[in-house]
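Here the structure comes first, spelled out in structure tokens, and everything after it is commentary.
The values are calculated or read from the model by the stated rules, or taken from the named source; none is laboratory data. All figures in this text were calculated on a predicted structure; none of them were measured in a lab. Glycine also receives a Cβ, built like all others from the backbone with ideal geometry; neighbour counts cover every protein chain displayed. The area values use the complete protein model at the heavy-atom level, side chains included, leaving out ligands, DNA and RNA. Shrake-Rupley method; radii C 1.70, N 1.55, O 1.52, S 1.80 Å.
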Amino acid sequence: MAEPHTAEDRTCSDNDVSAPPVALVWLRRGVPLLFLAFAATAAGRAVQHFDLHAVAHTLRSLDPARLAGVQLLALGGIFAMGLHDWLAARILQLPLPAAKLLRNAWIANSFNNLIGLSGLAGSAIRLLLLSGEKLGTQKAAAFAALILLSLPVGLSVLSWPLLLAAPDSAALALPGWVVRLALGAFALYLPLYVLVLRRALLQRFVRALGPIPGTPLLSLSAISTFDWLLAGVTAWVALEISGAGVDWALFLAAFILASTLGMLSLIPGGLGVFDTALLLLLAPFAAQPTGVISGLLVYRFCYYFVPWCIGLYLGAGRLMATRQLQRVALEKFWRGNRWLGLLRPPLNLLASLGVRVLAYLTFLAGAILLASAAFPALLPRFTLLHKLVPLGIIEISHLLSVATGVLLIAVSRGIAEQYRSAYRLTLALLGAGIAFSLLKGIYYEAAALLAGIAALLRLERKRFYRLDFVLFDPRNLRWLIGLVFAVLAFAWLGDWVHGAIPLGWERLSQFSAADEAPRFARSLLVAALVVLMVLSWALYRRTPLMAAHADAGELAEARALLERHGGSSFAHLLFLGDKRLFWSTARDAFIQYGVVRDRLLALGDPCGNPQVFDALVIEFREYADRLNLTAGFYEVEESGLHRYHDAGFAFLKLGEAALVDLESFSLSGKRGEAVRHAVNRARRGGATFRWLRQPLDAATWDQLEAVSDHWLRTRHGAEKGFSLGTFSREYLSLGDIAAVMLEERIVAFASLMPDYARRRELSVDLMRQNDRAPPGTMEFLFANLIDYAREAGYRYFNLGLAPLSGVGDSRYARAGEKVARLAFEYGNRFYNYKGLRSFKEKFNPLWRGSYLAYPVLTPLPPLLMDIAALIAGGYRYIFFRRR
């Protein structure tokens, strides 16, 4: 019965590792906000001087051949970035094929361009992709760290000439010293890079990253410089085909300064900061200032978006295949160092990007349909379409494309959560969107994008396994807000394009090929109507995500199974009627569980055929996952911890259960002295023991209920449930009740929980007494119950749990369990932890650990609050008494 020594070592917890210094955490959060504020303010002032209609016209008028040339340049630039991976693998002597290196490099670099975080996203993705290559965490970390450090060095090389040339900062509306400081910081990165890697100064953090010789460092620097120059050439060509007309030397200087600010901002992709800085620097010198904005949009599309879509295609399955425990190991590595913790990327988020980005693409598909509906169709295309298709079909397609766009945005969250129904609906909507895009104005660009997104979704169809997407859920709030904002942005964009929106019936009812404003007004009304329909459906739809509470037939089936195979120490609590049952495939075992918020919490170990318990635990977790819920097991015994460990659970010790060994228990001698004295005292007070055999008469039930009500009233409590017995005549009538009588009146009673066919352990269930009970009554009651259990052939009598007992005793205990130990030692003012332990110690029990099994990295405070709410009968009963 001793506590297993390996329980602490079986899992890792996010509480086991140190966090970065608080000041550095705030720096990581504050720097992006400062840069965003700068970008938003500067861009707001700058855009007022540009004709955005001219920007839209420029984009629509681009030569497809020249656009394809920019795209080829961009793809070449992303491919060239893979040279870092190839050379880093040779330097560190990693046995990885060139094809795999370049594939991983494309995935990491394309995601890094979009997500950014100054290279941290690419580094994290490399770690995830290499985690299955059996290189070891340190080797993979050294590889990722070397590339992370090498990627910016080319920008540092290019910063030196610009710094020495004393750039003009007036266009940026920034003090000159700020610009020189930014350039100086990046220029100094080059010697710092050489110093750190030549002398292996990071080896204390990444042991496999030893000294790097000068020649490889020079090669890495040259590759990085070439990479940055190629990115600059791509951006310059994008501006040139847009008619910006900016001199190359001037552009390169502005590109270096804007890239420096974008890198320092820590904003994903430098979005907003890089673009605003480049716009402000180049607009005064451009032959066509609107061409700068158009060129930037082309550059972002060709260099960021298209390569990312390719990277998504190459890496979606591989990122999704990364196992939870691999992510945990990587998370622990990054957080295990206080200073590296500053750079720790969101590994769990990145690991799920394979499907999550499909949700973002679905959202984007909806936004594209809305945006295309806000702008007038190109006249040559519309003229051709009008010759082939009646105007009524064009008008209906325009309205239906808007409705499809709104629905795609609404359902995108279901794609992120991998719901099967959301996947099927999205494919249908994308197909409809393609047709409507062509029928409303021959928008073949939008149709091609939607077709590409549909193809990516189709490739990942096996990832969508969850059941019954419920839109109205607290977890959907951000997506619903995004839906509302998207429609508001659609209204603003249409107002900007068309001017005042005609909402009168006379204009709305006008159908003309030449008049675009009424067409947009009708589509805006359709968008608003669809949003209202979606929100109404989300609010009132009720989908039975899981089985209902066990009914009489299911309880009878469970009871027959318990009488055949036996059950856990909590099996009898099933008959409270407040739980659901999860059955094995053969229905020869089950798990009883409750539902609170987004959790399925099982009570105790499985019941039934022990041979299927291991598989049943995994099936239960998979069942919860299919519903997008979290599984957990409350009060499991230490003898079965291995099966929860194998299912990926971590553990928290809740306390220890007191088991009286019936073969050795005796009231005689020194060991039985405390209980013997209490029993004798109760007898002298007039207490007698009696079994109340079922069925009970009404008078007896009234006496039991009076004792129970007095017990609750004096303790200012209310009936609980789930893991605790409740005074219910229906529940208590399932077995005989042990009572202590005083003058033929009931003054205390207890019900019992058998383990059915096992006949190994009999547990005390509901215990109540009133103030007429003489001293020693509970010891007297337990002593008689122990005698009964021994005569009935049981091996142990379970006195119940001593909460927090034995928790956090070891110096190696986790931080959370050490806090629990403090509550045990000093929290007796609020709960009698020590008193309960001392009372049970009188019976000289064996102590058996009881554990909470929960998914690794799950925050414990909200989980424990959910358990408390489940036991209390709901969150409101934690704070307010049940009437």
Among the residues of the range 603-623, are any within 20 Å of GLY874 (Cβ to Cβ) and among the basic types (Lys, Arg)? no
For VAL679, are the conditions met, namely being open to solvent by less than 50 Å² (accessible area, probe 1.4 Å), touching a residue at least 24 places away in the same chain (Cβ under 8 Å) and farther than 30 Å from LEU467 by Cα? yes
If you check every pair at least six apart or on different chains, which have Cβ atoms under 9 Å apart with a residue in the range 223-234 that is free of Cβ contacts under 8 Å to residues at least 40 places away in the same chain first and a residue that is open to solvent by less than 40 Å² (accessible area, probe 1.4 Å) and of a type in the set (Ser, Thr, Tyr) second? GLY232/SER259
Quick check, is PRO216 assigned to a helix (DSSP H, G or I), touching a residue at least 60 places away in the same chain (Cβ under 8 Å) and open to solvent by 40 Å² or more (accessible area, probe 1.4 Å)? no
Listed residues VAL636, VAL595; which is in a strand (DSSP E or B), within 26 Å of the chain's Cα centre (by Cα) and under 18 Å from TYR851 (Cβ atoms)? VAL636
Log entry, pairs with first residue in the range 61-72 being closer than 12 Å to VAL298 by Cβ, second being at pLDDT 90 or above and assigned to a helix (DSSP H, G or I), beta carbons closer than 6 Å, six or more apart or on different chains, reads ARG66/ILE241; VAL70/VAL237; VAL70/ALA238; VAL70/CYS302; GLN71/CYS302
If you go through the range 834-848, how many residues are buried (at least 19 other Cβ atoms within 10 Å of the Cβ) and in a helix (DSSP H, G or I)? 3
Residues that are more than 22 Å from PRO191 (Cβ to Cβ) and touching a residue at least 60 places away in the same chain (Cβ under 8 Å), drawn from the range 124-142: ALA124, ILE125, LEU127, LEU128, LEU129, SER131, GLY132, GLY136, THR137, GLN138, LYS139, ALA141
Pick out the one residue from ALA757, ALA802 that is touching a residue at least 24 places away in the same chain (Cβ under 8 Å) and part of a helix (DSSP H, G or I). ALA757
Which of the residues spanning the range 240-262 are crowded, with 23+ Cβ neighbours inside 10 Å, touching a Pro at 6+ places or on another chain (Cβ under 8 Å) and within 24 Å of VAL157 (Cβ to Cβ)? LEU257
Hey, can you tell me all the residues within the range 194-209 that are under 38 Å from the mean Cα position of the chain (by Cα), open to solvent by 20 Å² or more (accessible area, probe 1.4 Å) and not β-branched (Val, Ile, Thr)? LEU201, LEU202, GLN203, ARG204, PHE205, ARG207, ALA208
Looking only at helices (runs of 4 or more DSSP H) that lie completely in the range 267-385, which have at least 3 residues being at pLDDT below 80 and either among the charged types (D, E, K, R) or surrounded by 21 or more Cβ atoms within 10 Å (Cβ to Cβ) (or both)? 306-320, 324-335, 347-351, 353-374
Qualifying positions in the range 439-459 - without any contact (Cβ under 8 Å) to a residue 24 or more places away in the chain and either open to solvent by less than 30 Å² (accessible area, probe 1.4 Å) or not aromatic (Phe, Trp, Tyr) (or both): GLU445, ALA447, ALA448, ALA451, ALA455
Taking GLY604, is it of a type outside the set (A, V, I, L, M, F, W, C), open to solvent by less than 10 Å² (accessible area, probe 1.4 Å), modelled with pLDDT under 95 and closer than 20 Å to GLY648 by Cα? yes
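Condition check ((1) modelled with pLDDT of 90 or more; (2) open to solvent by less than 10 Å² (accessible area, probe 1.4 Å); (3) in a loop (DSSP other than H, G, I, E, B)) across all residues:
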| site | (1), (2), (3) |
| --- | --- |
| ALA521 | no, yes, no |
| VAL534 | no, no, no |
| MET546 | no, no, yes |
| LEU555 | yes, no, no |
| ALA558 | yes, yes, no |
| LEU574 | yes, yes, no |
| ARG587 | yes, no, yes |
| PHE590 | yes, yes, no |
Only one residue in ALA631, ALA650 is closer than 24 Å to SER723 by Cβ, touching a Cys at 6+ places or on another chain (Cβ under 8 Å) and surrounded by 16 or more Cβ atoms within 10 Å (Cβ to Cβ), so which one is that? ALA650
Please determine whether any residue of the range 725-748 is open to solvent by less than 10 Å² (accessible area, probe 1.4 Å) and on the phi > 0 side of the Ramachandran plot. no
With the condition kept exactly as written, say whether any residue in the range 406-427 is buried (at least 18 other Cβ atoms within 10 Å of the Cβ), more than 26 Å from the chain's Cα centre (by Cα) and not charged (D, E, K, R). no
Across the range 707-716, what is the total count of residues that are out of contact with any Asp or Glu (no Cβ under 9 Å at 6 or more places or on another chain) and either part of a loop (DSSP other than H, G, I, E, B) or open to solvent by less than 60 Å² (accessible area, probe 1.4 Å) (or both)? 4
Residue satisfying condition, being at positive phi and in contact (Cβ under 8 Å) with a residue 12 or more places away in the chain, within set ARG580, ARG587, ARG564, ARG599: ARG587
